[in-house]
Amino acid sequence: MEVKTAEIIATYQRPAIQAKVEASLDVLKDATNRPEVKNLFAVLDKVSKESAKSKGSPT
């Protein structure tokens, strides 16, 4: 009976939880689409690639 009760509760809570997840993803999407964040990612990507090149070449 406890299992069935938990399943019923989960069924009713699922839409609210899904809405919270989607709202959080929207906030994250908005944040990562900001120009300054895109620039930061571009710089980090460049630094990462340069670091990988320097590790691959003999010193």
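The values are calculated or read from the model by the stated rules, or taken from the named source; none is laboratory data. Values in this document were obtained by computation on a predicted structure and should not be read as measured data. Methodologically, a virtual Cβ is constructed for each residue, glycine included, from the backbone with ideal geometry; neighbour enumeration extends over all protein chains shown. SASA here: full protein model, heavy atoms, side chains in, ligands and nucleic acids out. Shrake-Rupley method; radii C 1.70, N 1.55, O 1.52, S 1.80 Å.
Which net charge results for the neighbourhood of D45, defined as the other residues with beta-carbon distances under 14 angstrom from its beta-carbon, given Lys and Arg at +1 and Asp and Glu at -1?
+3
If you only keep lysine pairs separated by 8 or more in sequence, or across chains, how many in the chain come under 20 Å at the Cα atoms?
Lysine pairs meeting the criterion: 5.
Which angle from 0 to 90°, rounded to the nearest 10, does the C-alpha axis of helix 35-56 make with the longest principal axis of the chain?
Computed tilt is about 60 degrees.
Taking every Cα atom in the chain, find the radius of gyration and the maximum pairwise distance Dmax, and write them in Å.
22.1, 68
Heavy-atom accessible area per residue, the chain, 1.4 Å probe: how many Å²?
Counting only protein heavy atoms, the per-residue value for the chain is 95 Å².
Suppose accessible area is computed on protein heavy atoms with a 1.4 Å probe; arrange V27, V37, V21 from highest to lowest.
The ranking, largest first, comes out as V27, V21, V37.
Place +1 on the Cβ of every Lys and Arg and -1 on the Cβ of every Asp and Glu in the chain, take the dipole about the Cα centre, and give the residue among A10, T32, A42 whose Cα lies farthest towards its positive end.
Result: A42.
Roll a 1.4 angstrom probe over the protein heavy atoms and tell me the percent of accessible area of the chain that is carbon or sulfur.
On the chain, the fraction of accessible area on carbon and sulfur atoms equals 63 percent.
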